[in-house]
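Let me begin by presenting the structure, written as structure tokens, before commenting on it.
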């Protein structure tokens, strides 16, 4: 049961790697992109910061790499929500590798969703007679974006449980995509675990009255649970929040276990994503995170237990809002994206908030020896946004002697669009990709920057309750730079535009 399958294509000769969501429609834009990137005749070693029509002949030879700098190489992928299923053969001809995304949710309810793809009709039909298969808010409104985790082990679907349906899809995918798997063209599979593919509850659904930074602009302080009675700090509140978050963690653990069994022995990596809930991160209650299932407070790490579960299945910890800075957010919403990113990286290090949120997330993930990947939450074309992504990707900067202790496994840019392809925006973007690659050309050999993929091993034994409780203890933050040492400045942006204009004069 799946409503969309996305493909991330790792280019062997383009300016970046690309992620393709196979929607119906959008073929015209695909041809525009194809014209820009010339994907049907991609040379095997084109510098990653150039499109093929800009590369001189000598650049088509095998590039020379600085091995010390390759240790700092962070691959970049770009979401392409533009092509139809019939384009996949042409993409295959380009020689691009692929990352698949298994989406067990409805498309069309979240930021950036350009189309609406509901859950399968036969699932919706069951929901007509048994609406409790969907999450329900306090007004009684059903949310048809994702099946509630309460049916994970209930044989509600013609004798099958939700977990069994996900498992059946995984088995079918492996059988039907065996040629791609055996050829090494599918190198990563991100497993959907909830709304928008993220491991979370649907706590901020725009179609059901939610408006940033809270439902009908409510604030945590006006509620009994988070403000008036401080219920979340009582024994009753702690009991509920522990149960609530543990149910979510078990849900992700169960699905990832099926995915691990399904792709056992394949040369592929699994991945899972959490949400970048950075609003109210700097408030005492962290209300937005708690309602989403992340029991994260000043004295409790809500992301490290998730990171620990992902480590059991050898999965990549993926999270969002890499581009956000605290200074760009609404002060009254007490946002903390930078701290969130840092916390998310900490368990691998773990992930959440604008700056503060991201810091905590990163810490959580790195401490669990996880590989961490990330993406931007909103479309950005400006230098400040790119520089923030560069900082979060290598928070302690370039290391010219060895591989950095803290470096992201990869970054996905959302998303390729006509706006991105505009002259100035595209030149700045290519400069950004070059900086992510540590000033190296595109490298198609994953082993050269320590990303070689071996056969997927069977998941490690389940963690005990004590193991997960231990992971909730807060830890001291990692050192985190104030700004990236691979900074894009305004001068570089101007030069990029001038170079493009000079090229156009001689065409």
Task: Residue that is nearest to residue 297 (Cα to Cα) [pool: residues in the range 222-234 that are touching a residue at least 12 places away in the same chain (Cβ under 8 Å) and touching a helix residue (DSSP H, G or I) at 6+ places or on another chain (Cβ under 7 Å)] - done: 232
Task: Failed condition for residue 197, given (1) on the phi > 0 side of the Ramachandran plot; (2) buried (at least 20 other Cβ atoms within 10 Å of the Cβ); (3) at pLDDT below 90 - done: (3)
TODO: From (1) modelled with pLDDT of 95 or more; (2) surrounded by 13 or more Cβ atoms within 10 Å (Cβ to Cβ); (3) over 23 Å from the mean Cα position of the chain (by Cα), pick out the condition that doesn't hold for residue 456.
DONE: (3)
- [ ] Report, by residue number, each residue of the range 209-265 that is in contact with a strand residue (DSSP E or B) (Cβ under 8 Å, 6 or more places away or on another chain) and modelled with pLDDT of 95 or more.
- [x] 252, 255, 256, 259, 260, 263
- [ ] Restricting attention to the range 91-125, report how many residues are out of contact with any strand residue (DSSP E or B) (no Cβ under 6 Å at 6 or more places or on another chain), outside any loop (DSSP other than H, G, I, E, B) and modelled with pLDDT of 65 or more.
- [x] 6
- [ ] Show the residue pairs that are 6+ apart or on different chains and have beta-carbon atoms under 6 Å apart, the first residue being within the range 290-319 and without any contact (Cβ under 8 Å) to a residue 12 or more places away in the chain and on the phi > 0 side of the Ramachandran plot, the second being assigned to a loop (DSSP other than H, G, I, E, B) and surrounded by fewer than 22 Cβ atoms within 10 Å (Cβ to Cβ).
- [x] none
Task: Residue that is closer than 30 Å to residue 453 by Cα, part of a loop (DSSP other than H, G, I, E, B), at pLDDT 70 or above and touching a strand residue (DSSP E or B) at 6+ places or on another chain (Cβ under 9 Å), where the choices are 307, 275 - done: 275
TODO: Scan the range 272-287 residue by residue and report those that are more than 18 Å from residue 238 (Cβ to Cβ) and either crowded, with 24+ Cβ neighbours inside 10 Å or under 22 Å from the mean Cα position of the chain (by Cα) (or both).
DONE: 272, 273, 274, 275, 276, 277, 278, 279, 280, 281
Task: Yes/no for residue 502 being in contact with a strand residue (DSSP E or B) (Cβ under 9 Å, 6 or more places away or on another chain), surrounded by fewer than 19 Cβ atoms within 10 Å (Cβ to Cβ) and either at pLDDT 95 or above or over 19 Å from residue 307 (Cβ atoms) (or both) - done: no
Open item on the list: Could you go through the range 169-186 and let me know if any residue there is loosely packed, with under 12 Cβ neighbours inside 10 Å and either under 22 Å from residue 200 (Cα atoms) or touching a helix residue (DSSP H, G or I) at 6+ places or on another chain (Cβ under 9 Å) (or both).
Closed with: no
Task: Residue ID - farthest from residue 67 (Cα to Cα), chosen from residues in the range 384-406 that are in contact with a helix residue (DSSP H, G or I) (Cβ under 6 Å, 6 or more places away or on another chain) and part of a helix (DSSP H, G or I) - done: 386
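The values are calculated or read from the model by the stated rules, or taken from the named source; none is laboratory data. If you're wondering where the values come from, they're calculated on a predicted model, not measured in any experiment. All Cβ positions, even for glycine, are placed from backbone atoms using ideal geometry, and neighbour counts span all protein chains on display.
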